[in-house]
Structures are given as C-alpha cells and as structure tokens.
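Okay, structure first, notes after.
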Amino acid sequence: MMPTVVVLSVIGIIIGGIFLLPLVQQFRRDRLKKRAFTPQWITLIQQYLPFYHRLTPNEQRRLQGHVQVFLAEKQFIGCAGLKVTEEIRLVVAAIACLLLLNERGHYFPKLQSILIYPTAYLATQVKVTNGYIVEEQQVARLGESWVQDQLILSWQQVQQDAVNWRHGQNVVLHEFAHQLDQADGKADGVPILSETVEPQQWTTVMTMEYQLLCQQVEQGVETVLDSYGATNPAEFFAVVTEAFFCQPRLLQQRHPRLYRLFQHYYQLNPEQWW
C-alpha cells in the first residue's frame, strides 16, 4: 500500500500541474505573438487579404500574433499528393485568425489537424430515405469541420475565395465558424457567447433571420446570404459569418439586426475594411 504522504504529494503535484498549465500555455503564446513577420509573409497576407491595409495597426499586430500561435499549435497534413507549403499554412492561418481578432483567447481548442486537398475531394455521405432505406453516396466537398479534432479544406477553393472576397463565400471562414460553433461539443448555431452578447437576444435574432432565409429560399428570392444557410442553424451561423466578413455593407443594409448581433459577437466592424 502506498504511504499516505506519498499519495498526498502525488495529488499535490497533479493539482499544481493543472493550475500551472494555463499559465505556461499563456506565457508560451505571449512569446510566440512577439515573433516578427518576415517581409515575404507580409506580402502573402496582403495578396490574400486585400483589405489588410485597412486594418488598424493594432488589428494588424493582433492578427500577426494570432497567426504565429495558430501555426505553432495546429498540424497541417497534405492529402491526395498535395505538399503543404509555407504559403498554404500562412494563408489558411491568416483567414482563420480573422475570427479571433476580438481576443477571445481560444485558438479553436478542439482542433488539432487541418487536412488540405489540392481540389474538391470525395466523401461518403449516408442518406436515409422513407425512414428506413439507408444509401451511401460519394459526394464532392470543398471543406468540412469535425466536432472532434479535424478540419478539411480544398486548397484550390481557398485560393479562389481569397481572390474573390466580395462574392460572399469563403470556405476557410465557413469551416472555422463551425469550429467556434462546435467548441461546446454541439453543432447548433449557438457558439460560446461572451458578455457582449445577450443569449436571449442571440436566440431571438438568429431564429427570426433563419426562418426568413428559409422562406426566401423556398420562394426563390435572391438574398445576400447563401441559400445553403437554410440547411440548418449550424450552417446558417457559418454562412452569416462569411457574409459578415466578405460582404459587410450588404449584410448591414439588408439585415441590420443580424449585422449588429455579429458585430457584438466578433467585436469587429468589417465594414470599415472595405
């Protein structure tokens, strides 16, 4: 039998480690944030984020710091023969970290690996018809976010979206918005809300706007929001995030309550960037 003193010592070490871990992690992240961007990195950021020069100096510094932490903590894996380059890692990190500019302090904690395909990839989708007939289908996808630890992207689509920001769709923003939504273990369109957002207000506005989009899609009405957002509340949150960053002026004009809600959530005003 292990002596009581030894047991208590082991417990003390474990408890101490639990309390010290966040401090050590924060110290490490603070050091990473101080790393300077190379001129080549700045050039790439400006190429893929055409509004980068419109960010305030403080926002630019924060984005650079978040990118350094992101690159140090996330693993990139090339698929279907794709070699992951410095450009791929930097571009994905920079776009994803736009969602973190409000200093929420978390770097998509459940996410460990980012799988990059050269183009669209095939995934197996299970379809149930008539309540009992199960059918497996191969469908082409451009991106996917898993609740566990992985996120998948098509590099070709990332490039296309990055040079066409104003078309309102961005696969990186979309999939990483899902990561924010899934941070509590559920994909329900309700991310972990900060003190700047009242839960009841979030529920009221999101429900009303989601139902409106569903009606518009059913009636064939053209909207600023991608019709894919009518699939379910989780996709709605991701689609609105895309519009918030890619077409902020249009979103504000046509859905002012939705824009203000996301302005409070992300604590940003992207309209100033365009």
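Does the stretch 253-262 contain at least one residue that is farther than 24 Å from Pro50 by Cβ and hydroxyl-bearing (Ser, Thr, Tyr)?
no
Which residues, taken from the stretch 37-74, are touching a helix residue (DSSP H, G or I) at 6+ places or on another chain (Cβ under 8 Å) and outside any helix (DSSP H, G or I)?
If the condition is that a residue be touching a helix residue (DSSP H, G or I) at 6+ places or on another chain (Cβ under 8 Å) and outside any helix (DSSP H, G or I), then Phe37, Leu49, Pro50, Phe51, Leu55, Lys74 are the ones that fit.
For residues that are over 20 Å from Val163 (Cα atoms) and touching a Leu at 6+ places or on another chain (Cβ under 8 Å), scanning just the stretch 38-66, find the one that is most open to solvent (accessible area, probe 1.4 Å).
Among residues in the stretch 38-66 that are over 20 Å from Val163 (Cα atoms) and touching a Leu at 6+ places or on another chain (Cβ under 8 Å), the one most open to solvent (accessible area, probe 1.4 Å) is Arg62.
Kindly provide the set of residues from the stretch 178-219 that are open to solvent by less than 30 Å² (accessible area, probe 1.4 Å) and out of contact with any Phe, Trp or Tyr (no Cβ under 6 Å at 6 or more places or on another chain), ordered by number.
Passing the criteria: His178, Leu180, Gln182, Pro191, Trp202, Val205, Met206, Glu209, Leu213.
Between Glu136, Glu86, which is open to solvent by 20 Å² or more (accessible area, probe 1.4 Å), more than 12 Å from the chain's Cα centre (by Cα) and modelled with pLDDT of 95 or more?
Glu86
Any idea which of (1) open to solvent by less than 80 Å² (accessible area, probe 1.4 Å); (2) more than 20 Å from Leu268 (Cα to Cα); (3) in contact with a helix residue (DSSP H, G or I) (Cβ under 8 Å, 6 or more places away or on another chain) is the one Lys34 doesn't satisfy?
Checking Lys34 against (1) open to solvent by less than 80 Å² (accessible area, probe 1.4 Å); (2) more than 20 Å from Leu268 (Cα to Cα); (3) in contact with a helix residue (DSSP H, G or I) (Cβ under 8 Å, 6 or more places away or on another chain), the one that fails is (1).
Checking the conditions here, which among Asp188, Asp161 is outside any helix (DSSP H, G or I) and among the acidic types (Asp, Glu)?
Asp188
The values are calculated or read from the model by the stated rules, or taken from the named source; none is laboratory data. Every value quoted in this text rests on a predicted model; they were computed, and no experiment measured them. Positions of Cβ are backbone-derived with ideal geometry, glycine not excepted, and every protein chain shown enters the neighbour counts. To get the accessible areas, we keep the full protein, side chains included, count just its heavy atoms, and leave off ligands, DNA and RNA. Shrake-Rupley method; radii C 1.70, N 1.55, O 1.52, S 1.80 Å.
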